[in-house]
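The values are calculated or read from the model by the stated rules, or taken from the named source; none is laboratory data. Note that the structure is a prediction, hence the values are computed from the model and not measured. Cβ: placed from backbone, ideal geometry, glycine included. Neighbour counts: every protein chain shown. Only protein heavy atoms, including side chains, enter the accessible area calculation; ligands, DNA and RNA are left aside. Shrake-Rupley method; radii C 1.70, N 1.55, O 1.52, S 1.80 Å.
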Amino acid sequence: MAGRGLIVLAVMLLASAALAVEEIPEHRKKQIRKACPAKPRVAPRQARKVLVWNTPDHLYAKDPHKGYCVPYGSYAMQALGEVSGAYTPVVSGDLAMYLPERLKQFDAIVLNNAAGAWITPSDADMDREEFKKLGVDKKAVEAALRKSLLDWLAGGRGIMALHFAIAANRQWPEFREIIGGAFIGHPWNEEIGIDVEEPDHPLVAAFGGRDFRLADEIYQYGKPYDRSKLRVLLSVDIPRTNMGVRWIRWDQRSDYDFALAWVKSHGKGRVFYTSFGHRAQLYSDPKVMQFYLDAIQFATGDLEAPTAPRPDRPQKTGPGPTAPDVRAAKMKARKVPMPTEQQIKQIEAAAPDTAPAKPARRRKVLVWGHAWTHLPNPFAEKAIEILGRKSGAFEATVTDDPRLLLADRLPQFDALVMNNIHEREPFLPDGFSKLGPEQKEAAKKMDAAIKQSILDFVRGGKTRAGKEIPGKGIVGIHAATCALQGWPEYGQMMGGYYGGHIYQDVVLNLDDPQHPVNACFEGKPFRINDEVYTFRAPYSRKALRVLLSLDLGQMADPGKRPDKDYAVSWVRQYGKGRVFYCTLGHAPATYWNPLFLRHVLAGIQFAMGDLPGDATPSAR
């Protein structure tokens, strides 16, 4: 029996060891110690003891940061105290440290990425006599431990919290209030621009009062985060940061407020939090290590620093919809009018009451473009919105917000309408040429993310797990083929680029009279006065199914193409998705032409997949 007991004990010890915070390589320990300040910024007022709190063993197996930032952070916080002499570190994951009689020995706690509901006692904890004294069950014991920590902090002690520490104890709302926010995602894991909001604040002295760049997994925060309750020190410098990353929670951060470090008071106590602490390399960066040490000295009460919320805050802006007053000013400057009430009534009257096909489900269409770049844009916006609403075919969202084109938001739509996009680079910000190098690089990254998102949206594909992703639809109206001429994949997808135009009365031939998108014409030629484009490469009937073209039997050859091939609208397959394009749509009156509106509605339904139609190329 004794032998069996020893075996069981050995197994238990091995299991415990497997869950304990890992050792890091010796050469990394040397790098960390080398990065530690040789002395603290201020001399401790007395001998200090700091608890470096790691995720308890029973939770560590599921800790998302085990194996890298937890062990690196643990060693770094220990080394900071030992090298600088600012405090004596005590590294632990033993919940008994929060018993009132034990907690009082510490001047501060460093929450080193500690994850999970660590304030809740484990079954093993409940078997210990010291916990039994606190209550008869876990709920009572946890309540006592919570009170112990809150009283300790309010009495004048301090907390320094790193990175994922903010996501712990989700069952305890007051914990989030103490730290100052809630983790709601990590959009960035790359180098970003960082705004030092208060250059003369003692806790950012490590950065010399200057904005800087840093690569890490960067968090964003939701309620109870509130600048009126804390003092923000660092935040994301939006113009110098790639805002094209996925999963930015714009629903909670419409104010562009992406804080990265802050301080606050709790009673007589002090709280510091920073997003930094994911990448192991940070713990070998002298500036970051000085930043951490200053924060710990603030928590212990040795380094005085203001914690009162500032009455002002940086006015941050970023990608988003154009403000109404700015849009109006740009339209006025470009002499682009809004449709009048009478013209809107004409569009309403001309739009069909029903759609060519019954929608398979509730459909959403994104109508994207800058209203001021081309005369017809505001008319097209209104016409497409009316088409969807009146026919019941879809709900239109009309915007120029580039964020809706990103891969985490665009898939909510069934089709994307490129509304007379007339710019070479519509996804780059105004004044791009005047931006600094870092701002240009950030803007280019978002531009690239948008372009990739659009391609993926239309052509579909597979997830990493091999699950099929269906293709969606893209629709081009008129000047959509003028845009993005430096993006070859766009030209291939849309079917061609603008190569010239005529503006006159034209007669249109039905190249495919039986095609469902052409059903509105009832097999008859279509006459209209409008601006009609001619196209250059990659236009080819070998890739497109042409629906309408100039009828040179009933009108003069414009003399723009030797092959006399003047396509006006077409469809095509692109990957698993569908494309519809129509060059008509320059003249405002076109938008109250009933046949044009029915043709466009059918084209949108084809793109969404509700109106089946042959997309086999009609090569001559």
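Structure values in brief
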quantity: Hey, residue 484 touching an Asp or Glu at 6+ places or on another chain (Cβ under 6 Å) and of a type in the set (A, V, I, L, M) or not; calculated: no
quantity: Identity of the residue in the stretch 296-319, open to solvent by 50 Å² or more (accessible area, probe 1.4 Å) and either of a type outside the set (S, T, N, Q) or out of contact with any helix residue (DSSP H, G or I) (no Cβ under 8 Å at 6 or more places or on another chain) (or both), that ends up farthest from residue 51 (Cα to Cα); calculated: 315
quantity: Residue list for the stretch 572-586, filter: in a strand (DSSP E or B) and within 22 Å of residue 361 (Cα to Cα); calculated: 573, 577, 578, 579, 580
quantity: Test: residue in the stretch 217-225 that is surrounded by 23 or more Cβ atoms within 10 Å (Cβ to Cβ) and closer than 21 Å to residue 405 by Cα; calculated: yes
quantity: Residues of the stretch 587-610 that turn out to be part of a loop (DSSP other than H, G, I, E, B) and either crowded, with 24+ Cβ neighbours inside 10 Å or of a type in the set (S, T, N, Q) (or both), as a count; calculated: 1
quantity: Number of positions in the stretch 350-375 that are open to solvent by less than 20 Å² (accessible area, probe 1.4 Å), in contact with a strand residue (DSSP E or B) (Cβ under 8 Å, 6 or more places away or on another chain) and not aromatic (Phe, Trp, Tyr); calculated: 5
quantity: Answer from 196, 204, 271, 263 - the residue that is at pLDDT 95 or above, touching a Pro at 6+ places or on another chain (Cβ under 9 Å), over 18 Å from residue 184 (Cα atoms) and open to solvent by less than 30 Å² (accessible area, probe 1.4 Å); calculated: 263
quantity: Residue 430 open to solvent by 30 Å² or more (accessible area, probe 1.4 Å), at pLDDT below 95, more than 20 Å from residue 491 (Cα to Cα) and touching a Lys or Arg at 6+ places or on another chain (Cβ under 8 Å); calculated: no
quantity: Answer from 346, 342 - the residue that is open to solvent by 80 Å² or more (accessible area, probe 1.4 Å), of a type in the set (S, T, N, Q), within 30 Å of residue 520 (Cβ to Cβ) and assigned to a helix (DSSP H, G or I); calculated: 342
quantity: Residue count, the stretch 153-173 (criterion: of a type in the set (A, V, I, L, M, F, W, C), without any contact (Cβ under 8 Å) to a residue 60 or more places away in the chain and in a helix (DSSP H, G or I)); calculated: 1
quantity: Some residue of the stretch 320-334 being of a type in the set (A, V, I, L, M), surrounded by fewer than 21 Cβ atoms within 10 Å (Cβ to Cβ) and in a loop (DSSP other than H, G, I, E, B); calculated: yes
quantity: Check on residue 581, modelled with pLDDT of 95 or more, closer than 30 Å to residue 469 by Cα and open to solvent by 10 Å² or more (accessible area, probe 1.4 Å); calculated: no
quantity: Selection count where residues are in contact with a Lys or Arg (Cβ under 9 Å, 6 or more places away or on another chain) and of a type outside the set (S, T, N, Q), scope the stretch 266-289; calculated: 9
quantity: Enumeration of residues in the stretch 111-126 that are open to solvent by 10 Å² or more (accessible area, probe 1.4 Å) and not in a loop (DSSP other than H, G, I, E, B); calculated: 123, 124, 125, 126
quantity: Residue list for the stretch 218-245, restricted to those being over 15 Å from residue 186 (Cα atoms) and not in a helix (DSSP H, G or I); calculated: 223, 224, 225, 226, 230, 231, 232, 233, 234, 237
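Here is a yes/no grid of residues against (1) open to solvent by 40 Å² or more (accessible area, probe 1.4 Å); (2) at pLDDT 95 or above:
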site: 30; (1), (2): yes, yes
site: 34; (1), (2): yes, yes
site: 39; (1), (2): yes, yes
site: 45; (1), (2): yes, yes
site: 53; (1), (2): no, yes
site: 58; (1), (2): yes, no
site: 61; (1), (2): yes, no
site: 69; (1), (2): no, no
